[in-house]
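A short write-up of the structure that comes next.
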Amino acid sequence: MEAALARFGRIDVVVNTLRATLPTLRAQRSGHVLNIGSVVGFVTAPAAGPYGASKFALEGVSEALHGESAPLGVRVTIVEPGRFRTDFLSSPSMQFEPASIADYADITEVAEPPLRLQLGVDAIERVEAKLDLVRSELGRWRHVALSTGL
């Protein structure tokens, strides 16, 4: 980072290297953080638990940073690619655990349990606000998202 500052005098865009660069972005009161996540960090799928968990964590850190850094002129964007033209999910990169675990075979399940259960007015308001924000951003940037399709 010191070499970049010496050569260019400032940092304008950072991709996933927050600890080293955030103090500089705050001091210069500008910059843009791009955190490369995945749509699996917003909507995960079966057999993607550990990967999804890491991307959910990145979403949480990024959302918090967005609110903390906006007053300082630093923007945050989470890039959430879906399926893409790579070999990322090819058979050599995939390893699976057994389909079931005997310890859980006899657990009684609720017929239709919710995936998420928000409790309290504040929880509902926060979730609704996030959904409104995501829907608005998706509408404004849909053309970019669709331009990357297979």
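The values are calculated or read from the model by the stated rules, or taken from the named source; none is laboratory data. All values derive from a computational prediction rather than experimental measurement. Methodologically, a virtual Cβ is constructed for each residue, glycine included, from the backbone with ideal geometry; neighbour enumeration extends over all protein chains shown. These area figures cover heavy atoms from the full protein model, side chains too; ligands, DNA and RNA do not enter into them. Shrake-Rupley method; radii C 1.70, N 1.55, O 1.52, S 1.80 Å.
Nonpolar atom fraction for segment 1-75, defined as the carbon and sulfur part of the 1.4 Å probe accessible area, stands at 63 percent. Taken along the Cα-to-beta-carbon direction at a fixed 7 Å, the label points for A20 and A48 span 2.9 nm.
Note on segment 1-80: the alpha carbon radius of gyration divided by the globular reference 2.2 N^0.38 Å gives 1.22.
Among I11, I78, I36, the sequence by solvent-accessible area, most first, with a 1.4 Å probe is I36, I78, I11. Rounded to the nearest 0.05, what FRET efficiency is calculated for L34 and R126 with R0 set to 30 Å and r the Cβ-Cβ distance? So, using R0 = 30 Å, E works out to roughly 0.75.
Solvent-accessible surface of segment 10-72, taken per residue with a 1.4 Å probe and all protein chains present: 55 Å². For segment 30-45, backbone nitrogen atoms closer than 18 Å to the point 7 Å from A57 Cα along Cα-to-C-beta are found at 35-45.
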